[in-house]
Amino acid sequence: MKAWDDLVGTALLGTRRRALDPAGQPPAIRKLAEGAQDPADGVLTAAALLTNYRRAGRRPVPGARRVEPAEPDGRPFVPPPARERLARLRQANRPELLEEWLRAVAAAGFRVPPEQLPPLAESARARVSLRAPLAAVAGAVGTWLGERNPDWAFLVATVINGTDGTDDAWQFGTPARRQAWFARALAEDPDAARAALEATWSSEPADLRAVFLGLLGEHLADRDEPFLDAALADRAAGVRDTATHLLGRLPGADLGRRMAARLQRHVTVHSRVLRADVLRFTPPEPDETLPRDGVRVPHGPDQGTGRLRAIISATPLDFWARFAAPADLVGMLVEGCPLPVLRESWATAAIRQRDQAWAQALVEAEPGGRSTAALVGVLAPQRQAATVAKLARGLKVEALTRLILDLPQPWPEELGRVLLDWVAAQQDHRLVAHAATLIAKAVPPACLGHRLAVIPQPGEAAPWRRAVAETLTFRREMHEELS
C-alpha cells in the first residue's frame with residue numbers, strides 16, 4: 001500500500017526533512033491529517049487512522065462460511081498431574097520419554113488438552129517416532145488440525161470409506177496419509193488393502209514400494225507369497241531386499257525351495273576318522289544365474305562367495321537337518337567358504353525365520369559377533385534374559401555395552417531385570433554409565449520399581465547413578481499418574 005509506505009518514509013526521515021503528501025492518503029484520513037497544526041501531529045494522526053483502516057477496513061468476503069468445529073471426542077482429558085508432567089517433558093526436551101508418555105496416554109484412553117496439540121505437532125514434525133502416538137491421543141481435534149495445516153497431515157485419522165474399501169486418502173493423499181490409510185486398512189479390511197496396493201503398485205515410487213511392503217510384513221500371510229515373489233524382480237534394491245526378507249518368514253515359500261535345491265549342489269559334509277567333520281562348499285560358477293530371486297552379487301573374484309551368501313541366507317534352516325544339529329554345524333570346520341560369511345548367512349536366515357535353536361547356537365559360537373544382538377531378539381523372553389546374563393559374565397565391558405545398545409526393543413520384563421541387576425553390580429565406568437542411561441529409558445514399566453530407582457543423596461553416588469535413579473523414578477510416576 002503506497003499510503004502506508006509514504007507514512008513510514010516520512011516518520012523515518014522526520015517532518016523537517018520530508019513532508020507528508022496528504023493526496024496519497026484515503027479521503028477520510030486526508031481530511032483529518034490536513035487539519036493538524038503540527039506536521040508531526042498530522043503524520044501520527046494519519047498513522048493511527050491508517051493502522052485501524054488496514055486492520056478493520058476490509059470489505060466482507062462474499063460466500064464465506066463458518067468453519068465447522070472438530071467432531072466431539074468423548075475421552076477424558078489427562079489428569080492434572082499428567083498435564084504438569086507434559087509441560088516438564090516439553091521443557092526438558094526429552095523426546096524419548098515424551099513418546100512413552102503419549103503411548104501410555106493412548107493406552108489409558110485419555111486425550112491431551114487441545115491447546116497442547118499445536119506445540120506437540122511441531123515437535124512431531126522433527127521426530128517421526130512421535131507422530132503415530134500423537135495422532136492416537138489427538139483424535140478428532142488432531143484430524144481437524146491436520147486437514148488445515150499440511151505440515152501436520154500426519155495427525156489426520158484415515159478411515160476406510162465406500163464399498164470398495166478405498167477413499168481419497170489412498171488415491172490423492174500425501175505419502176504420510178496413504179501410509180496411514182494402508183496400515184489401518186490392513187488391520188480392518190486386509191482384502192481391500194491388498195487390492196488397493198496391487199492396483200497402484202506399478203506406479204508407486206521405489207521408496208514407497210519398500211515402505212508398503214514393510215507395512216504388509218506386519219500382517220504377513222501365506223496368500224502374499226505370489227505378490228512378494230513377483231517383487232523379487234523389482235528394479236529397486238530396497239524392494240527386492242524387503243521381499244526376500246518377508247519370503248524368508250513364510251514357511252514353505254517357493255523361494256526357499258528354489259534356494260535349497262541350488263544349495264544342495266554346493267555343500268557336503270566330510271566325515272573323517274578320529275578328526276572333526278568338515279563342512280565343504282563349492283562356490284557357484286560365475287555364470288550361474290539366479291532368476292527371479294532378487295539376488296544381487298558383486299562383480300569380481302568374490303562373486304562366487306557372494307552368490308553362496310545369498311543362497312544360504314534365503315534357504316530354510318531345516319535344510320541343514322540332514323547334516324547335523326545347529327550346535328554341531330556351527331562348530332564344524334569349513335572349507336570353500338569363509339567362516340565369517342557362513343555364520344553371517346546363517347544369522348540372516350535365523351533372524352528372518354525366527355529360529356530359536358539356530359539363534360542360540362550362533363550366539364554361543366560367537367558371543368561378540370555383529371549379529372549377536374539381533375539373534376538374542378529372536379529368543380523367547382526367558383531365554384533372552386538367561387543368554388544376556390551369561391554373556392554379561394563372559395564379555396568385556398566394551399563388547400557388552402555395544403550389545404546392550406543394539407538389543408532390539410521393546411525388551412521383555414525378564415531381560416529388563418537382568419540388565420538392571422547388571423548395572424547395580426558394576427563399578428563406575430564410562431561405558432557402564434552410557435549403557436545404564438539407555439537401560440533406564442528402555443526397561444518396561446514392570447521393572448521401574450527396581451532398587452536402582454532409589455535416588456541417592458547428593459555426594460553418595462556418581463552423577464550417572466543418580467541420573468539413572470531419577471529417570472526410573474520419573475517414568476514410574478509417569479505411569480502411575482495415568483493408571
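Readers should treat all values here as calculations from the given coordinates under stated rules, not as data from a laboratory. All values reported here derive from a predicted model rather than from experimental measurement. No Cβ is skipped: glycine too gets one built from the backbone with ideal geometry, and neighbour counts run over all protein chains shown.
Do me a favour and compute the ellipsoid semi-axes for segment 1-129 from its Cα gyration tensor, root of five times each eigenvalue, largest one first, whole Å. It would help to have the intermediate numbers written out before the result.
On the way: eigenvalues 573, 82, 31 Å².
Taking √(5λ) for each eigenvalue gives 54, 20, 12 Å, largest first.
Where Rh is the Kirkwood radius over the Cα pairs of segment 93-162, the temperature 4 °C and the viscosity 1.567 mPa s, what D in µm²/s does Stokes-Einstein return? All intermediate terms of the calculation are to be shown ahead of the outcome.
On the way: Rh = 12.0 Å.
Estimated via Stokes-Einstein, D reaches 108 µm²/s.
Residue separation times 0.36 nm, minus the C-alpha to C-alpha distance between residue 126 and residue 389: what's the value? Numbers along the way, then the final one.
Numbers: separation 263, 0.36 × 263 = 94.68 nm, distance 3.69 nm.
Length gained between residue 126 and residue 389: 91.0 nm.
Determine, for 388, 211, the number of other Cβ atoms within 10 Å of each Cβ, and report the residues in order from fewest to most. Write down the numbers at each step before the final one.
Working: 388 25, 211 19.
Going from least to most buried by this count: 211, 388.
For segment 377-421, just run the numbers: alpha carbon Rg, then divide by 2.2 N^0.38 Å, N being how many residues it has.
Details: Rg = 9.7 Å, N = 45, 2.2 N^0.38 = 9.3 Å.
Segment 377-421 yields a ratio of 1.03.
At a Förster distance of 25 Å, what's the computed FRET efficiency of residue 457 paired with residue 434, Cβ-Cβ distance as r, to 0.05? Please report the intermediate quantities before stating the final value.
Details: r = 24 Å, r/R0 = 0.96.
It comes out at approximately 0.55.
When the Cα centres of segment 394-469 and segment 16-89 are compared, how far apart do they sit, in Å?
Cα centroid to Cα centroid, the span is 56 Å.
Could you line up 15, 315 from fewest to most neighbouring Cβ atoms inside 10 Å? Before the final figure, lay out each step's value.
On the way: 15 16, 315 26.
Lowest count first: 15, 315.
With each run of n ≥ 4 DSSP H residues scored as -39500 (n - 2.57), what mean residue ellipticity at 222 nm is computed for the chain after dividing by its residue count and rounding to the nearest 500 deg cm²/dmol? Mind showing how you got there, number by number?
Numbers: 24 runs with 281 residues, N = 483.
It lands at -18000 deg cm²/dmol.
Roughly how big is the chain's charge dipole about its Cα centre, with Cβ charges of +1 (Lys, Arg) and -1 (Asp, Glu), in debye to the nearest 20?
Values: 62 positive and 58 negative charges, 220 e Å.
Using only the charged Cβ atoms, the result is roughly 1060 debye.
Want the number for residue 54 to residue 37: 0.36 nm per residue separation, take away the alpha-carbon distance, what's left? Don't skip to the answer; put the middle values down first.
Numbers: separation 17, 0.36 × 17 = 6.12 nm, distance 2.50 nm.
The residue 54-residue 37 span can extend by a further 3.6 nm.
Among the trypsin sites (Lys or Arg not before Pro) in segment 1-82, which ones are in a DSSP loop with at most 12 other Cβ atoms within 10 Å of the Cβ? Mind listing them?
Working: sites: 2, 16, 17, 18, 30, 31, 54, 55, 58, 65, 66; in loops: 16, 17, 18, 58, 65, 66.
When the trypsin sites (Lys or Arg not before Pro) of segment 1-82 are filtered for loop state and at most 12 Cβ neighbours within 10 Å, 16, 17, 58, 65, 66 remain.
What value does segment 352-432 have for Rg/Rh, both radii from Cα atoms and Rh as Kirkwood defines it? Write down the numbers at each step before the final one.
Numbers: Rg = 12.0 Å, Rh = 12.7 Å.
With Rg and the Kirkwood Rh in hand, the quotient comes to 0.94.
Can you sort 337, 447 from fewest to most other Cβ atoms within 10 Å of each residue's own Cβ?
Working: 337 21, 447 25.
Starting with the residue having the fewest Cβ neighbours, the order is 337, 447.
Determine one quarter of the surface area of the Cα convex hull of segment 80-248, which equals its mean projected area, and express it in nm² to one decimal.
10.9
Could you state the angle between the C-alpha long axis of helix 131-148 and the longest principal axis of the C-alpha atoms of the chain, as a value from 0 to 90 degrees rounded to the nearest 10?
In the chain, helix 131-148 runs at an angle near 40 degrees to the longest axis.
Compactness ratio of segment 380-483: Cα Rg over 2.2 N^0.38 Å, N = residue count?
Values: Rg = 13.4 Å, N = 104, 2.2 N^0.38 = 12.8 Å.
Rg over 2.2 N^0.38 Å, computed on Cα atoms: 1.04.
Within 10 Å, count the other beta carbons around each residue, average over each peptide in 412-420, 81-89, 116-124, and list them highest first. Don't skip to the answer; put the middle values down first.
On the way: 412-420: 21.1, 81-89: 15.9, 116-124: 18.2.
In decreasing order of mean packing, 412-420, 81-89, 116-124 become 412-420, 116-124, 81-89.
Taking the chain as the reference, fit the longest principal axis to its C-alpha atoms, fit the long axis of helix 175-188 to the helix C-alpha atoms, and give the angle between the two in degrees, 0 to 90, nearest 10.
Roughly 60 degrees between the two axes.
If you line up the long axis of helix 463-482 against the longest principal axis of the chain, both from Cα atoms, how many degrees apart are they, to the nearest 10?
Approximately 70 degrees, to the nearest ten.
What relative contact order, as a whole-number percentage, does the chain give when Cα pairs under 8 Å and 6 or more residues apart are counted?
Numbers: 561 pairs, mean separation 39.8, N = 483.
Relative contact order here is 8 percent.
I need to check one value: relative contact order of segment 80-248, counting alpha carbon pairs closer than 8 Å and at least 6 residues apart, in percent.
Working: 160 pairs, mean separation 19.6, N = 169.
Reported as a whole number, the value is 12 percent.
With a cut-off of 8 Å between alpha carbons and a minimum separation of six or more residues, what is the relative contact order of segment 27-174 in percent?
Details: 122 pairs, mean separation 24.4, N = 148.
Relative contact order, segment 27-174: 16 percent.
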